[in-house]
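In what follows, a structure is listed as C-alpha coordinates, so that the remarks can point back to it.
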Amino acid sequence: MSRIRTVLEMIKFEHSVFALPFALTGALLAARYAVIPGEAPGWPSLRQIVWIVVAMVGARSAAMTMNRIIDLRYDRENPRTRTRALATGAVSVGFAWLFAAIASAVLVLAAWQLNHLALRLSPVALVVLFFYSYTKRFTTWSHLVLGFCLGMSPAAAWIAVAGSLDARMLLLCAAVTLWVGGFDVLYACQDLEYDKMAGLHSVPRRFGLARALLIARVMHVVRIGWLAGLAWSFQLPWPAWLGIVVVAALLAYEHSLVSATDLSRMNAAFFTVNGYISLLFLLFWGAALAVAHP
(Lines give C-alpha, C1' and ligand atoms only; values in the text may rest on other atoms or scores of the structure.)
Protein backbone atom coordinates (compact mmCIF):
# COMPACT_ATOMS: atom_id res chain seq x y z
CA MET A 1 0.00 0.00 0.00
CA SER A 2 2.88 2.35 0.73
CA ARG A 3 4.29 1.80 -2.76
CA ILE A 4 0.87 2.30 -4.31
CA ARG A 5 0.50 5.62 -2.47
CA THR A 6 3.94 6.61 -3.74
CA VAL A 7 2.99 5.72 -7.31
CA LEU A 8 -0.27 7.69 -7.02
CA GLU A 9 1.75 10.69 -5.85
CA MET A 10 4.22 10.17 -8.70
CA ILE A 11 1.49 10.20 -11.35
CA LYS A 12 -0.38 13.06 -9.61
CA PHE A 13 -3.52 10.95 -9.27
CA GLU A 14 -5.49 13.91 -7.95
CA HIS A 15 -5.08 15.66 -11.30
CA SER A 16 -7.53 13.20 -12.85
CA VAL A 17 -9.94 16.09 -12.24
CA PHE A 18 -8.61 17.77 -15.40
CA ALA A 19 -10.22 15.38 -17.89
CA LEU A 20 -12.95 13.67 -15.87
CA PRO A 21 -15.47 16.58 -15.91
CA PHE A 22 -15.21 16.78 -19.71
CA ALA A 23 -15.81 13.05 -19.98
CA LEU A 24 -18.86 13.38 -17.74
CA THR A 25 -20.08 16.26 -19.90
CA GLY A 26 -19.83 13.96 -22.91
CA ALA A 27 -21.88 11.35 -21.05
CA LEU A 28 -24.54 13.92 -20.13
CA LEU A 29 -24.79 15.13 -23.72
CA ALA A 30 -25.11 11.55 -24.99
CA ALA A 31 -27.90 10.67 -22.57
CA ARG A 32 -29.84 13.78 -23.59
CA TYR A 33 -29.19 14.00 -27.35
CA ALA A 34 -28.08 10.59 -28.67
CA VAL A 35 -30.70 8.45 -30.36
CA ILE A 36 -30.63 5.27 -28.27
CA PRO A 37 -33.18 2.60 -29.29
CA GLY A 38 -35.69 1.92 -26.54
CA GLU A 39 -34.52 4.79 -24.31
CA ALA A 40 -35.99 8.25 -23.85
CA PRO A 41 -33.71 11.30 -23.47
CA GLY A 42 -32.63 11.77 -19.88
CA TRP A 43 -29.54 11.22 -17.76
CA PRO A 44 -26.82 8.56 -17.73
CA SER A 45 -27.47 5.72 -15.30
CA LEU A 46 -25.46 5.49 -12.10
CA ARG A 47 -23.90 2.30 -13.44
CA GLN A 48 -22.70 4.09 -16.58
CA ILE A 49 -21.26 6.98 -14.57
CA VAL A 50 -19.40 4.63 -12.23
CA TRP A 51 -17.82 2.64 -15.05
CA ILE A 52 -16.91 5.79 -16.99
CA VAL A 53 -15.11 7.11 -13.90
CA VAL A 54 -13.35 3.75 -13.43
CA ALA A 55 -12.30 3.74 -17.09
CA MET A 56 -10.97 7.30 -16.89
CA VAL A 57 -8.98 6.62 -13.72
CA GLY A 58 -7.57 3.41 -15.17
CA ALA A 59 -6.60 5.07 -18.44
CA ARG A 60 -4.90 8.05 -16.83
CA SER A 61 -3.09 5.93 -14.24
CA ALA A 62 -1.75 3.59 -16.93
CA ALA A 63 -0.73 6.49 -19.18
CA MET A 64 1.06 8.48 -16.49
CA THR A 65 2.88 5.44 -15.11
CA MET A 66 4.08 4.44 -18.57
CA ASN A 67 5.17 8.02 -19.16
CA ARG A 68 7.34 7.89 -16.05
CA ILE A 69 8.82 4.52 -17.12
CA ILE A 70 9.56 5.66 -20.67
CA ASP A 71 11.00 9.01 -19.55
CA LEU A 72 12.96 7.61 -16.61
CA ARG A 73 16.36 8.63 -18.01
CA TYR A 74 15.20 12.20 -18.52
CA ASP A 75 13.52 12.35 -15.11
CA ARG A 76 16.81 11.38 -13.47
CA GLU A 77 18.68 14.14 -15.30
CA ASN A 78 16.16 16.98 -15.12
CA PRO A 79 16.53 19.03 -11.89
CA ARG A 80 12.77 19.59 -11.80
CA THR A 81 11.91 15.87 -11.93
CA ARG A 82 14.83 14.03 -10.35
CA THR A 83 12.98 13.67 -7.03
CA ARG A 84 10.17 11.61 -8.56
CA ALA A 85 9.66 8.15 -7.12
CA LEU A 86 11.06 6.14 -10.03
CA ALA A 87 14.01 8.49 -10.46
CA THR A 88 15.00 8.14 -6.79
CA GLY A 89 14.30 4.41 -6.58
CA ALA A 90 11.45 4.83 -4.08
CA VAL A 91 9.41 2.70 -6.50
CA SER A 92 11.03 -0.01 -8.61
CA VAL A 93 10.59 -0.12 -12.37
CA GLY A 94 9.16 -3.64 -12.02
CA PHE A 95 6.44 -2.43 -9.64
CA ALA A 96 5.66 0.47 -11.98
CA TRP A 97 5.22 -1.98 -14.88
CA LEU A 98 2.88 -4.08 -12.74
CA PHE A 99 0.86 -1.02 -11.74
CA ALA A 100 0.58 0.11 -15.38
CA ALA A 101 -0.59 -3.36 -16.43
CA ILE A 102 -3.25 -3.45 -13.70
CA ALA A 103 -4.45 0.07 -14.57
CA SER A 104 -4.68 -0.92 -18.26
CA ALA A 105 -6.70 -4.00 -17.31
CA VAL A 106 -9.03 -1.80 -15.26
CA LEU A 107 -9.70 0.34 -18.33
CA VAL A 108 -10.47 -2.72 -20.48
CA LEU A 109 -12.72 -4.17 -17.76
CA ALA A 110 -14.64 -0.90 -17.48
CA ALA A 111 -15.04 -0.69 -21.25
CA TRP A 112 -16.35 -4.28 -21.29
CA GLN A 113 -18.94 -3.34 -18.67
CA LEU A 114 -20.11 -0.39 -20.78
CA ASN A 115 -20.69 -1.73 -24.30
CA HIS A 116 -19.13 -3.67 -27.16
CA LEU A 117 -17.83 -0.65 -29.08
CA ALA A 118 -16.15 0.77 -25.97
CA LEU A 119 -14.44 -2.59 -25.41
CA ARG A 120 -13.22 -2.78 -29.02
CA LEU A 121 -11.78 0.73 -28.87
CA SER A 122 -10.08 0.39 -25.45
CA PRO A 123 -6.81 -1.05 -26.88
CA VAL A 124 -6.73 1.82 -29.40
CA ALA A 125 -7.03 4.30 -26.55
CA LEU A 126 -4.13 2.65 -24.71
CA VAL A 127 -1.93 2.77 -27.84
CA VAL A 128 -2.58 6.51 -28.21
CA LEU A 129 -1.93 7.14 -24.51
CA PHE A 130 1.37 5.24 -24.53
CA PHE A 131 2.49 6.72 -27.86
CA TYR A 132 2.45 10.23 -26.41
CA SER A 133 5.44 9.46 -24.18
CA TYR A 134 7.70 9.16 -27.23
CA THR A 135 6.56 12.24 -29.14
CA LYS A 136 8.80 14.79 -27.42
CA ARG A 137 11.73 12.93 -28.95
CA PHE A 138 10.79 13.85 -32.52
CA THR A 139 8.12 16.59 -32.76
CA THR A 140 7.64 20.12 -31.50
CA TRP A 141 3.90 19.51 -31.21
CA SER A 142 3.89 16.77 -28.59
CA HIS A 143 1.71 19.14 -26.54
CA LEU A 144 -1.17 18.57 -28.96
CA VAL A 145 -0.70 14.80 -28.77
CA LEU A 146 -1.02 15.07 -24.99
CA GLY A 147 -4.07 17.26 -25.52
CA PHE A 148 -5.62 14.63 -27.76
CA CYS A 149 -5.04 11.97 -25.09
CA LEU A 150 -7.38 13.92 -22.81
CA GLY A 151 -9.47 15.21 -25.70
CA MET A 152 -10.59 11.67 -26.51
CA SER A 153 -12.42 11.46 -23.19
CA PRO A 154 -15.70 13.24 -24.11
CA ALA A 155 -16.07 11.15 -27.27
CA ALA A 156 -15.24 7.99 -25.31
CA ALA A 157 -17.90 8.86 -22.72
CA TRP A 158 -20.48 9.49 -25.47
CA ILE A 159 -19.65 6.05 -26.91
CA ALA A 160 -19.91 4.55 -23.42
CA VAL A 161 -23.48 5.81 -23.07
CA ALA A 162 -24.78 5.67 -26.66
CA GLY A 163 -22.76 2.84 -28.23
CA SER A 164 -21.99 5.13 -31.18
CA LEU A 165 -20.44 8.54 -31.84
CA ASP A 166 -22.02 11.84 -32.89
CA ALA A 167 -19.77 14.00 -35.10
CA ARG A 168 -20.64 17.05 -33.02
CA MET A 169 -18.60 15.60 -30.17
CA LEU A 170 -15.47 16.21 -32.22
CA LEU A 171 -15.91 19.90 -31.39
CA LEU A 172 -15.58 19.15 -27.67
CA CYS A 173 -12.66 16.80 -28.37
CA ALA A 174 -10.92 19.59 -30.29
CA ALA A 175 -11.65 22.10 -27.52
CA VAL A 176 -10.17 19.85 -24.82
CA THR A 177 -7.18 19.05 -27.05
CA LEU A 178 -6.35 22.74 -27.45
CA TRP A 179 -6.99 23.48 -23.77
CA VAL A 180 -4.60 20.77 -22.58
CA GLY A 181 -2.11 21.45 -25.37
CA GLY A 182 -2.08 25.13 -24.45
CA PHE A 183 -1.46 24.66 -20.76
CA ASP A 184 1.15 21.98 -21.51
CA VAL A 185 3.01 24.57 -23.61
CA LEU A 186 2.94 26.83 -20.55
CA TYR A 187 4.21 24.06 -18.31
CA ALA A 188 6.98 23.12 -20.77
CA CYS A 189 8.43 26.63 -20.46
CA GLN A 190 9.96 25.48 -17.17
CA ASP A 191 12.03 22.83 -18.98
CA LEU A 192 13.38 24.99 -21.78
CA GLU A 193 17.05 24.75 -20.82
CA TYR A 194 16.89 21.04 -20.05
CA ASP A 195 15.12 20.30 -23.35
CA LYS A 196 17.92 22.08 -25.20
CA MET A 197 20.55 20.07 -23.36
CA ALA A 198 18.76 16.72 -23.78
CA GLY A 199 17.76 17.28 -27.42
CA LEU A 200 14.04 17.08 -26.68
CA HIS A 201 11.46 18.98 -28.72
CA SER A 202 8.87 21.46 -27.49
CA VAL A 203 7.16 24.68 -28.53
CA PRO A 204 9.24 26.77 -26.06
CA ARG A 205 12.47 25.27 -27.35
CA ARG A 206 11.60 25.96 -30.99
CA PHE A 207 10.00 29.38 -30.65
CA GLY A 208 11.33 30.78 -27.37
CA LEU A 209 9.39 31.66 -24.24
CA ALA A 210 7.59 34.78 -25.47
CA ARG A 211 6.28 33.15 -28.65
CA ALA A 212 5.43 29.95 -26.79
CA LEU A 213 3.21 31.93 -24.42
CA LEU A 214 1.55 33.58 -27.43
CA ILE A 215 0.95 30.19 -29.07
CA ALA A 216 -0.64 28.92 -25.86
CA ARG A 217 -2.94 31.96 -25.80
CA VAL A 218 -3.97 31.37 -29.41
CA MET A 219 -4.77 27.73 -28.61
CA HIS A 220 -6.99 28.80 -25.77
CA VAL A 221 -8.79 31.47 -27.80
CA VAL A 222 -9.55 28.91 -30.51
CA ARG A 223 -10.67 26.52 -27.79
CA ILE A 224 -13.34 29.02 -26.72
CA GLY A 225 -14.52 29.15 -30.33
CA TRP A 226 -14.91 25.36 -30.46
CA LEU A 227 -16.93 25.40 -27.23
CA ALA A 228 -19.22 28.08 -28.67
CA GLY A 229 -19.67 25.98 -31.81
CA LEU A 230 -20.59 22.96 -29.69
CA ALA A 231 -23.14 24.91 -27.63
CA TRP A 232 -24.69 26.26 -30.83
CA SER A 233 -24.79 22.82 -32.50
CA PHE A 234 -26.84 21.40 -29.61
CA GLN A 235 -28.84 24.63 -29.19
CA LEU A 236 -27.96 24.69 -25.49
CA PRO A 237 -29.59 27.31 -23.24
CA TRP A 238 -27.94 30.19 -21.40
CA PRO A 239 -26.08 28.30 -18.61
CA ALA A 240 -23.83 26.71 -21.22
CA TRP A 241 -22.97 30.10 -22.68
CA LEU A 242 -22.35 31.54 -19.23
CA GLY A 243 -20.04 28.60 -18.59
CA ILE A 244 -18.06 29.47 -21.71
CA VAL A 245 -17.67 33.05 -20.47
CA VAL A 246 -16.45 31.80 -17.08
CA VAL A 247 -13.96 29.44 -18.75
CA ALA A 248 -12.68 32.29 -20.96
CA ALA A 249 -12.22 34.54 -17.91
CA LEU A 250 -10.30 31.84 -16.03
CA LEU A 251 -8.07 31.19 -19.03
CA ALA A 252 -7.31 34.91 -19.24
CA TYR A 253 -6.44 34.88 -15.54
CA GLU A 254 -4.25 31.80 -16.03
CA HIS A 255 -2.22 33.58 -18.69
CA SER A 256 -1.91 36.69 -16.54
CA LEU A 257 -0.03 34.63 -13.93
CA VAL A 258 2.96 33.86 -16.16
CA SER A 259 5.24 35.80 -18.46
CA ALA A 260 8.45 35.18 -20.36
CA THR A 261 10.37 36.78 -17.49
CA ASP A 262 8.42 35.30 -14.56
CA LEU A 263 7.34 31.66 -14.36
CA SER A 264 7.24 31.56 -10.56
CA ARG A 265 3.45 31.19 -10.44
CA MET A 266 3.33 28.35 -12.96
CA ASN A 267 1.94 25.82 -10.48
CA ALA A 268 -0.98 28.10 -9.65
CA ALA A 269 -1.71 28.56 -13.34
CA PHE A 270 -1.27 24.91 -14.24
CA PHE A 271 -2.94 23.06 -11.38
CA THR A 272 -5.31 25.35 -9.50
CA VAL A 273 -6.85 27.35 -12.35
CA ASN A 274 -7.23 24.40 -14.71
CA GLY A 275 -8.90 22.36 -11.98
CA TYR A 276 -11.48 25.12 -11.53
CA ILE A 277 -11.96 25.37 -15.30
CA SER A 278 -12.88 21.72 -15.73
CA LEU A 279 -15.16 21.53 -12.68
CA LEU A 280 -17.01 24.76 -13.45
CA PHE A 281 -17.47 23.72 -17.07
CA LEU A 282 -19.22 20.53 -15.92
CA LEU A 283 -21.34 22.49 -13.45
CA PHE A 284 -22.57 25.06 -15.99
CA TRP A 285 -23.15 22.57 -18.80
CA GLY A 286 -24.88 20.18 -16.46
CA ALA A 287 -27.19 23.05 -15.49
CA ALA A 288 -27.78 23.81 -19.17
CA LEU A 289 -28.81 20.21 -19.82
CA ALA A 290 -31.08 20.26 -16.79
CA VAL A 291 -33.12 23.14 -18.23
CA ALA A 292 -32.79 22.22 -21.93
CA HIS A 293 -35.70 20.72 -23.83
CA PRO A 294 -34.90 17.21 -25.14
query = Restricting the range 21-75 to residues that are among the polar types (S, T, N, Q) and within 19 Å of the chain's Cα centre (by Cα), which is surrounded by the fewest Cβ atoms within 10 Å (Cβ to Cβ)?
reply = ASN67
key: Whichever residue in the range 179-192 is buried (at least 24 other Cβ atoms within 10 Å of the Cβ) and under 11 Å from the mean Cα position of the chain (by Cα) and, among such residues, is farthest from MET152 (Cα to Cα)   = PHE183
task = Would you check which residues across the range 1-20 are surrounded by fewer than 21 Cβ atoms within 10 Å (Cβ to Cβ) and either modelled with pLDDT of 80 or more or under 19 Å from LEU172 (Cβ atoms) (or both) and list them?
result = SER16, VAL17
ask   = free of Cβ contacts under 8 Å to residues at least 40 places away in the same chain, surrounded by fewer than 21 Cβ atoms within 10 Å (Cβ to Cβ) and either in a loop (DSSP other than H, G, I, E, B) or not polar (S, T, N, Q) (or both): does that describe ARG82?
value = yes
task = Tell me the helices (runs of 4 or more DSSP H) entirely within the range 147-261 that contain at least 1 residues that are modelled with pLDDT of 95 or more, over 25 Å from TYR74 (Cβ atoms) and in contact with a Phe, Trp or Tyr (Cβ under 9 Å, 6 or more places away or on another chain).
result = 169-188, 203-233, 238-256
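The values are calculated or read from the model by the stated rules, or taken from the named source; none is laboratory data. Note that this is a predicted model, so its numbers are computed, not measured. Cβ: placed from backbone, ideal geometry, glycine included. Neighbour counts: every protein chain shown.
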